[in-house]
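Heads up: the structure comes next, in structure tokens.
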Amino acid sequence: MLTLTRKVGESIRIGDDIEIIVKEIRRNQVRIGIVAPREVAIYREEVYDTIQAEDAEEKDSLDKKSTEKEG
């Protein structure tokens, strides 16, 4: 893992297309802005985890239906 130190208004670049900007720091919270192409999906981790869990459930459900039709 790469760990960087940034101040408010400073940014980090990821490749040519993604920029992460430190917008505000309050106590234990950091507000960031992200500039990225529209085709790049950006999620908070808890939202991403929920999406992954739902996708896994849907896949399991489809696999079970497929197995039932074959049997």
- Task: Run down ASP63, ASP16 and say which single residue is among the acidic types (Asp, Glu) and at pLDDT 95 or above.
- Result: ASP16
- Task: May I ask you to list pairs of residues, at least six apart or on different chains, whose Cβ atoms are under 6 Å apart, with the first in segment 33-51 being over 15 Å from ILE21 (Cβ atoms) and free of Cβ contacts under 8 Å to residues at least 40 places away in the same chain and the second being open to solvent by less than 100 Å² (accessible area, probe 1.4 Å) and outside any loop (DSSP other than H, G, I, E, B)?
- Result: none
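The values are calculated or read from the model by the stated rules, or taken from the named source; none is laboratory data. Only a predicted model underlies this, so the values are computations on that prediction, with no experimental measurement involved. Every residue, glycine as well, gets a Cβ built from its backbone with ideal geometry; the counts of neighbours run over all protein chains shown. Note: accessible area is taken over every heavy atom of the protein model, side chains too, but ligands, DNA and RNA are not part of it. Shrake-Rupley method; radii C 1.70, N 1.55, O 1.52, S 1.80 Å.
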